[in-house]
């Protein structure tokens, strides 16, 4: 069942048994052919009920296209979300400036909106055939920080409704390797946004994906491939950036030409795990730090005893046993879809066999550090 | 910073509901603008939409009945109260969560001043109720349980405060956890009292904590009753000051069904286990019918894991200042576990033709000494009071080497060295 805010309100009123309460009309969509981003003027104080109210993107054919003034972007190594097809874009108020930072995500100013749209197709080997939109997650930079929410696309694919409580959706598809999959796909609730985006442990949401390192790649803005860092510097948004060649670059997890096996595995772990597993994140009690810059082998789990894993350890002794992926908890948890065992904890209900293979290969070739002794 | 006014329609819905609280026989008891009253007539979507946007200081009141959830209940506001109509009257059933990518907990909270009371959490896919990085968390009359006994597909922890300060868990119940029923980790100033735990691997665990009182709990039918433990490679070091008293620790003989983590080392039939913790007092407990041992005091060395586990320079692997007195023991140690390796080790000194043909002593101390602690007779300050129970030092610090394992055992029942007292620990209070 698709639940809108108006339905929730109607149900609430109905539960009171009150009479004479007017039934509010459904929230209105915004005409995307005439609006300009951001269409709603008060979005900074609260997310509007319909995605079209923000006037960020135009849906069509199971995809979304950014409106004028909205900047699309791609990442070198993305978060895995049940094989969902993702389209990313952001809006920054005209004239905005962001100071270059080699490691942190773009510090977009108040009034900015970052949106990630999730789509599926029946057979992801041919994603253009029968693609459909599922949800669009937005983060809005308000005066008090980033506020998150997810919009669930309607059956007619014309607009999406704010769904603050999230949803679990049954989605069947054939994955890019030809394997039939069934996902219990999670549209996150507002509170679940923070399960990942409060990566600093300060009770606030933060941007995760668009770091300079992860953005340092080409994208076709309509005039052929162009480096995203150079493009953002060229528009005047990004201030003080070096040339793309001089800026740090996160490897593409599945492109061996972009980095060594170790570099690509560490990039994948950073993007998919480090928002919790860092010294300040939600996973901090467990003592891991999975940012790619970390050099202590124990901090990334080598010969590290499990703390609170319980069945998540799968009877295996250590997070990473060098040379022995079959005895490593890390691969056990990536290969599982059981809640409480599966990692990441939320947002993944099917196994990503391609990244599991990457991590398996990485552990298999990992030498035992001289200070450690697990096997 | 996240307020109801951010989402006017939601706020209005919540206010509409709150306004009718108490007017219906199925409404739970809370009223006012800071109350969200929920009933089983509502869909999960309606409930989740409301709970996603609640403000600091909200009371969430679940009327009597069973609620079914596919998604987790995740909270991060402060000063929340989550309440039901009674611990067996309101049931939050998460059985459907087993098919979703919706996380490791049934219910979780990261806000300070969190109070949850008078409800059940049934069949969560992962942990039951987790409270993290919060000051002042209170769990009262909450039941967390899994329908299937003894399977490692049950979640690890029932009631699970971690990295919190000022923790009170009372009058609650946990059953079926594949690690620990009531687990408190890396927290400070903790009281766990008047609870019942059964059919878990461990009943109660205090891990890497500072200052915990565990008293008047009824722990029975678990693999082990209580584990006070400090582990390496964690953020909070130096687990210390645990007072375990006035508990009933009965027949914790459930086969160990853990599937990872330290509790898989615990032999079935363990009463109270202290591992590598400092300043622990165990007194006035009734410890009966635990088939492996009544009380065990061991080092991390003795587990045999120190050799392969990544070293932690700040980790102290020995138990120290452990004071065991005035407990009641009966019928413990008669049939040590034969499955878990530490149980197998104990079986080498138990049974016909061994030093302990009938039963192992009530208190088993591994006797592994910190070489740097000095050459006194009792450098680790293990004390059994003026009238020691039956006792064995099972290695006398031989055969273990610097990193274990310890074999063969070399027991001595001479308690004279340990007939001593330590200062009593003061009672804790939650401010």
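The values are calculated or read from the model by the stated rules, or taken from the named source; none is laboratory data. This is a predicted model, so every value here is computed, not measured. Neighbour counts are summed over all protein chains in view; Cβ atoms, including those assigned to glycine, are modelled from backbone coordinates with ideal geometry.
Scanning the range B:46-63 for residues that are crowded, with 19+ Cβ neighbours inside 10 Å, in a loop (DSSP other than H, G, I, E, B) and more than 8 Å from chain A (Cβ to nearest Cβ) yields a count of 4. Within the range A:266-306, being within 19 Å of residue A:367 (Cα to Cα), away from every other protein chain (no Cβ under 13 Å) and in a loop (DSSP other than H, G, I, E, B) holds for A:290, A:292, A:293, A:294, A:295. In the range B:369-386, is there at least one residue being crowded, with 18+ Cβ neighbours inside 10 Å, in contact with a strand residue (DSSP E or B) (Cβ under 8 Å, 6 or more places away or on another chain) and free of Cβ contacts under 8 Å to residues at least 60 places away in the same chain? So far as the range B:369-386 goes, no, none of its residues is crowded, with 18+ Cβ neighbours inside 10 Å, in contact with a strand residue (DSSP E or B) (Cβ under 8 Å, 6 or more places away or on another chain) and free of Cβ contacts under 8 Å to residues at least 60 places away in the same chain. When residues in the range B:377-421 are screened for being within 23 Å of residue B:286 (Cα to Cα), part of a loop (DSSP other than H, G, I, E, B) and more than 25 Å from the chain's Cα centre (by Cα), 11 of them pass. How many residues does the range B:393-411 contain that are without any contact (Cβ under 8 Å) to a residue 40 or more places away in the chain and touching a strand residue (DSSP E or B) at 6+ places or on another chain (Cβ under 6 Å)? Adding up the residues that qualify gives 2.
What about residue A:322, is it at the interface with chain B (Cβ under 7 Å from one of its Cβ atoms) and assigned to a loop (DSSP other than H, G, I, E, B)? Spelling it out, it is not the case that residue A:322 is at the interface with chain B (Cβ under 7 Å from one of its Cβ atoms) and assigned to a loop (DSSP other than H, G, I, E, B).
The residues on offer are B:197, B:235, B:268, B:212, and the sole one that is under 27 Å from residue B:301 (Cα atoms) and in a strand (DSSP E or B) is B:212. Using the structure shown, decide if residue B:235 is in the same structural domain as residue B:288 (by TED's automatic domain parsing) and touching a strand residue (DSSP E or B) at 6+ places or on another chain (Cβ under 6 Å). No; evaluated as a whole, the condition is false for this residue. Kindly check whether there is at least one residue in the range B:122-133 that is more than 18 Å from residue B:197 (Cα to Cα), touching a residue at least 40 places away in the same chain (Cβ under 8 Å) and in contact with a helix residue (DSSP H, G or I) (Cβ under 9 Å, 6 or more places away or on another chain). So far as the range B:122-133 goes, no, none of its residues is more than 18 Å from residue B:197 (Cα to Cα), touching a residue at least 40 places away in the same chain (Cβ under 8 Å) and in contact with a helix residue (DSSP H, G or I) (Cβ under 9 Å, 6 or more places away or on another chain). Just one of the listed residues (B:294, B:225, B:269) is more than 24 Å from residue B:422 (Cα to Cα) and buried (at least 24 other Cβ atoms within 10 Å of the Cβ), namely B:269.
When every residue of the range A:349-366 is checked against the conditions, at least one turns out to be buried (at least 22 other Cβ atoms within 10 Å of the Cβ), at pLDDT below 95 and under 24 Å from the mean Cα position of the chain (by Cα).
Evaluated against (1) surrounded by fewer than 18 Cβ atoms within 10 Å (Cβ to Cβ); (2) in contact (Cβ under 8 Å) with a residue 60 or more places away in the chain; (3) within 26 Å of residue B:77 (Cβ to Cβ), residue A:203 falls short on exactly one condition, (2).
Here residue B:248 fulfils each of the conditions (1) at pLDDT 95 or above; (2) surrounded by fewer than 24 Cβ atoms within 10 Å (Cβ to Cβ); (3) within 14 Å of chain A (Cβ to nearest Cβ) apart from (3).
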